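First comes the structure, then the notes that go with it.
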Amino acid sequence: MKIDRRSFLSLGIGVAAGTALSPLPWKLTDDLSIWTQNWPWTPVPEIGETSHVNSVCTLCPGGCGISVRKIEGRGVKIEGMTGHPVNQGGICALGLSGLQLLYGPTRIKTPLRRIGKRGEDRWEKISWEQAISEIAEKLDVLRTSGNSHTIAGIAGSRQGTVSQLFKRFLTAYGSPNFFHTPSCVDTYQLAFQYMNGVSGAPGFDLENADVILSFGSGLLDGWGSPVRMFKANTAWRKANAHVIQIEPRLSRTAAKADRWIAINPGTEAALALGVSHVLIKELLFDKEFVDSHTDGFESFVTSKGEMKKGFRQTVLENYSPETVARITGIDPSAIILLAREFAKAKAPLALCGKGQGIIPGSLAEAMAVHALNALVGSVNRKGGVFPMPETEIQVWHEVAMDSVAAVGINQTNLIGAPPNSPCGTNQIPAAILSGKGYPLNALFVLESNPLYTMADSKTVRDAFDKIPFLVSLSSFMDETARYADIVLPNHIYLERIEDAPAPTGFPKPVISLSKPVFKPQFNTKHAGDTLILLAKEMGGAVADAFPWDNFEACLEEVMGDKMKTLQEKGFWVDSDAAIPDWKAAFKTPSGKFQFSPAEATLGFVPVAIEGDSTFPLLLIPYETMRMAGGYIANPPFMTKTVEDTILKLNDSFIEINPKTAQSNQLSEGDFVVVQTSRGQARGRVHLEEGIMPGVIALPRGLGHTAYDGYIANKGINANQLIGPVQDPVSGLDAAWGIRAKLSKA
Amino acid sequence: MKQEHGGNGTRKYGMVIDLDLCTGCGSCMVACMAENNVPFREDETDKLKSITWMRVYKLTNGKPYPETDICYLPRPCQHCEGSHGHSPCVSVCPATATDYDSQTGIVSQIYTRCFGCRYCMAACPYHARYFNWYDPIWPEGMEKYLNPNVSPRMRGVVEKCSFCFHRYQAAKDKAYLDGQKEIEEDAYQTACTQACPAGAITFGDLDNPDHAVHKLKKQPGAFRLLERLGTNTKVYYVSSREWVRRAGDNYLKTEGPKKVV
């Protein structure tokens, strides 16, 4: 058939008319609209019976009670536990995000052995038996060759039965190298030891204080037990208490305080002494306390017959408001007014520990602040500060050491300190790299991420490169786990039974019990069980020190009769504990509070932060409630709350005063390279009036290289730019910042 | 049906947020995300696309160092009543996907009706509405935590704060089963209110003299956002600082901030 124009057109029209009359177009339109309204990939959560399980959150040392809402077997929400003494129903952003950690993609699902290069993230899955026997074998070789002291352990938490079990393992094995992640609590502990003659973590009765003088403590930025602090702040507002925040940057704490006094960074101790000067000069101090219960206030003759200046003379001679004004940049009249306000209060309380207190800080500063509290009598009383009575929380039976352990445990530790001085973690990398002392043959890291959290990340990695055997006991594929040779995955806090003792700074002895709210999601183990298994595999005296079948049995034994209360209520408060009064409180040689301890001299000792005059700016890292900067990295929900003036795409913003920006020819959003003597990084600048000119700031918690796409490779890790600075007396890290420079990128 | 619980049955749920107590910690934002299955993506730094039913804004007084001051302002949907329920978004929705519920005073959002025209987003003076530009994707395993009381949304629809309406429904059911006529104040609380560690958010029936919000909204220093637009919102803010109250609307230099009541 010949197709001419006419027949083509009529055929076409015929087909069109026919199709239009058929149901086809209507059917297609209908299908299309149904198709666009279908989202089979959008999950429909299953319904079921709802239940609530109470437990405790151990994501930070805050120790808040939580209530987990479950539907059948799965958890749908974590909320604050009403009636818990620490958080009274409140909860923070991290605590709320816990389920993202439980079900998240960063969990390690099974024991792993490295097959690629270190940090290359290539693994082979191994069984628990294999992993344990392999580690035991290595340890056995070291032990029989008399090198038991050349292994070390870093624990993330300072207290708690798992941490103690870890220490016990090292002791029974014969190593003096137990360390924990340090914090300002360690510095406070030393200050108490020297001045109160009592050892203990600090308890701050903040709720009963009415003028709170904070030397840079981020009271509302995650210091101490964060939720407790929010509650305390609300109580202060209602009671008309006054909060005075002293720091160079307008943090959330400073913004919420009644007064923000900007101070030259690192000069807080001078201000504390300046305030003391005014108190003494104007006779505003608590005379009764100072006269009857203190020592070293007036000048005295030491046992060696030397004349030593007392606190009064030191302060009067060296810390007049004018001198202090020159150091701190605060007006002399403001210092005098500050001192008068502090003295006039019924329950004044000064505190230190910068930001969240994750850097131990200067001992001289802690002592100056503690002395200030003593001057107004705010030690060991309501609304004051005191060392928490060291009740026997856990009762352990002695380790019966064999000859190897007895020799190993008595060696000096890695950093040349007496055995089991747990706080010198910051000195480990330098000790390894210097080559002095003995080499480290194996390192065990428990729920800690030193490759990320320790100052000067590059040096830490260089040091880790020298350790032939690195084992990480972690729940997440963090930077340290990724660098390890063997990874032993832990249950996370929602899957395990564990005690959470003494929330940081809380003035009452509280222990909470973390319970297995969920069945383990993956092939993981309780870190306590892992340690017990490892000890049993080692055999001999090491195994004998771990007679328990599992961690739960161990916990029941060491907790004793407290366990029943813990199981029933979820927490235990030592109701008998009372603050010892002034007569009984001090255990110094004189039995009084010691203003001038022999171990350390009171005075302003500037921390010698790194960098010379080629670095004109001061870089200070800061902490915020919206970013987790420690062992736990930000879950996706939290990163979502981070402002776009802190992180934009993958770039960190460096906070800078507009004046400083102008003199460096920088404007908002400019790309810059920030450089310090320890490293450099690329970022952008954010102009902010709330920061002292000449100072720049970076938040902690960004710049991860491990974990998942929700947090990895976003922004700058402040720790890579900062070096640790040892406190001259305590040896702990006291670096509050570093000198830096900015250049346009 | 409308008046099943006796009385006239109408309530006017609202919030009073004390900005003097708010510390900007972000708990409310996360509590909201966790409660309401709010999706997240690898990059959430584009805040126009980042879905946050509750968002905490940072306000500054604009003064140079060291007189600078900061205030944090949590912003849920303001649940505007307008005059007689004519809230800005409801008035423009061509699909009746958003509606003003005169029983509770809650502005609803019905995802299956929404076809994504986003008129409501343009109309909302508070940027409280968000469009799903992408399908929500939870990493493998994470969908386990999804709350069955709130349906996850799909690409192409608008979503916003519902004052945790599912909690209202649950409280209403419970009250009915228990034979109570009224929903107790603490039986229905939003996730953000419950989570706020500072106790800055108070939630309840604004018209019920027994509820705390009834009194709190009248305290000195109370204000609402963009009062002069006539949106008649149900979220009240309280601040002792005048510059904060001024920041709640666009005032002339010579004007003082408008007082509520």
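The values are calculated or read from the model by the stated rules, or taken from the named source; none is laboratory data. Keep in mind it's a predicted model, so treat the numbers as computed, not measured. Cβ atoms come from the backbone with ideal geometry, glycine included; neighbour counts cover every protein chain shown. Only protein heavy atoms, including side chains, enter the accessible area calculation; ligands, DNA and RNA are left aside. Shrake-Rupley method; radii C 1.70, N 1.55, O 1.52, S 1.80 Å.
Over region A:449-598, Cα pairs under 8 Å with separation of 6+ residues give a relative contact order of 16 percent. GNM on chain B, alpha-carbon springs under 10 angstrom: the most fluctuating residue among B:K63, B:K217, B:K174 is B:K63. When only the Cβ of Lys, Arg, Asp and Glu is charged (+1, +1, -1, -1), the dipole of region B:77-170 relative to its Cα centre reaches about 80 debye. Restricting the trypsin sites (Lys or Arg not before Pro) of region A:242-344 to loop positions (DSSP other than H, G, I, E, B) with no more than 12 neighbouring Cβ atoms within 10 Å leaves A:K304.
Taking 8 Å as the Cα distance limit and 6 or more residues as the minimum spacing, I'd like the relative contact order of region A:520-617 as a percentage. Present the calculation step by step, with values, prior to reporting the outcome.
Values: 32 pairs, mean separation 11.2, N = 98.
So the answer I get is 11 percent.
Dipole magnitude for chain A: about 1620 debye, using +1 per Lys or Arg Cβ and -1 per Asp or Glu Cβ, origin at the Cα centre.
Compute the acute angle (0 to 90°) between the alpha-carbon long axis of helix A:184-195 and the principal axis of greatest extent of the alpha-carbon atoms of chain A; round to the nearest 10°. Its long axis makes an angle of about 10 degrees. Helix A:527-538 versus the longest principal axis of chain A: what angle, 0 to 90°, nearest 10, using Cα atoms? Computed tilt is about 80 degrees.
May I ask for the accessible area buried between chains B and A, both sides summed, probe 1.4 Å, to the nearest 100 Å²? All intermediate terms of the calculation are to be shown ahead of the outcome.
Values: alone 14000 and 31120 Å², together 39780 Å².
In total, this chain pair buries about 5300 Å².
In this structure the amide hydrogen of A:L470, modeled in the peptide plane, comes within under 5 Å of the amide hydrogens of A:L443, A:D485, A:I486, none closer than 5 places in sequence on its chain.
Of the listed pairs A:K77/B:K174; A:K508/A:K536; B:K49/B:K258, which have alpha-carbon separations greater than 28 Å here? Please list the in-between numbers first.
Values: A:K77/B:K174 20 Å; A:K508/A:K536 37 Å; B:K49/B:K258 32 Å.
Going by Cα-Cα distance, A:K508/A:K536; B:K49/B:K258 fall outside the 28 Å limit.
Within 10 Å of the Cβ of each residue in A:635-647, the mean number of Cβ atoms contributed by other protein chains is 6. Of B:C93, B:C28, B:C192, the residue with the greatest mean-square motion in the GNM of chain B, using alpha carbon springs below 10 Å, is B:C93. Computed from the alpha carbon atoms alone, the convex hull of the protein assembly as shown holds 228 Å³ per residue.
Placing +1 on each Lys and Arg Cβ and -1 on each Asp and Glu Cβ, with no other charges, gives region A:617-744 a dipole about its Cα centre of roughly 300 debye. When the listed pairs B:K47/B:K181; A:K238/A:K344; A:K231/B:K217; A:K564/B:K172 are checked against a 31 Å cut-off, the alpha-carbon distance exceeds it for B:K47/B:K181; A:K564/B:K172.
Given contacts defined as C-alpha pairs under 8 Å and at least six residues apart, what's the relative contact order of chain A, whole-number percent? Present the calculation step by step, with values, prior to reporting the outcome.
On the way: 1618 pairs, mean separation 131.8, N = 745.
Result for chain A is 18 percent.
Neighbours of A:I620, meaning other residues whose beta-carbon lies under 10 angstrom from its beta-carbon, give a summed charge of 0 when Lys and Arg score +1 and Asp and Glu score -1. Pick from B:R75, B:R118, B:R41: which is most flexible by mean-square fluctuation in a GNM of chain B where alpha carbon atoms under 10 Å apart are linked? Comparing B:R75, B:R118, B:R41 in a Gaussian network model of chain B, the most mobile one is B:R41. Amide H to amide H distances under 5 Å link A:V243 with A:I212, A:D258, A:R259, where only residues 5 or more positions off or on other chains count and H is placed in the peptide plane.
What does the C-alpha gyration tensor say about the overall shape of region A:393-517? Classify as rounded when a/c is under 1.5, otherwise prolate if a/b is larger than b/c, or oblate.
oblate
Each part gets one Cα centre, and for region B:49-126 versus region A:350-393 those centres are 46 Å apart.
Taking amide H as placed 1.01 Å from N in the peptide plane, A:I654 has its amide H under 5 Å from the amide H of A:R684, A:V685, A:H686, each at least 5 places away in sequence or on another chain. Annotation: cysteines of chain B without a disulfide-compatible partner (Cβ-Cβ under 4.7 angstrom) are B:C22, B:C25, B:C32, B:C71, B:C80, B:C93, B:C114, B:C117, B:C124, B:C164, B:C196.
The HN-Hα couplings worked out from phi for region A:701-715 by the Karplus form 6.51 cos²θ - 1.76 cosθ + 1.60 (θ = phi - 60°) are x, 9, x, 6, 10, 9, 6, 10, x, 7, 9, 5, 6, 10, x Hz, whole numbers, x standing for Gly and Pro.
Helical content alone sets the calculated 222 nm signal of the protein assembly as shown at -8000 deg cm²/dmol, taking -39,500 (n - 2.57) per DSSP H segment of four or more residues and averaging over every residue. Between helix A:332-344 and chain A there is an angle of about 80 degrees, using the helix long axis and the longest principal axis of the Cα atoms.
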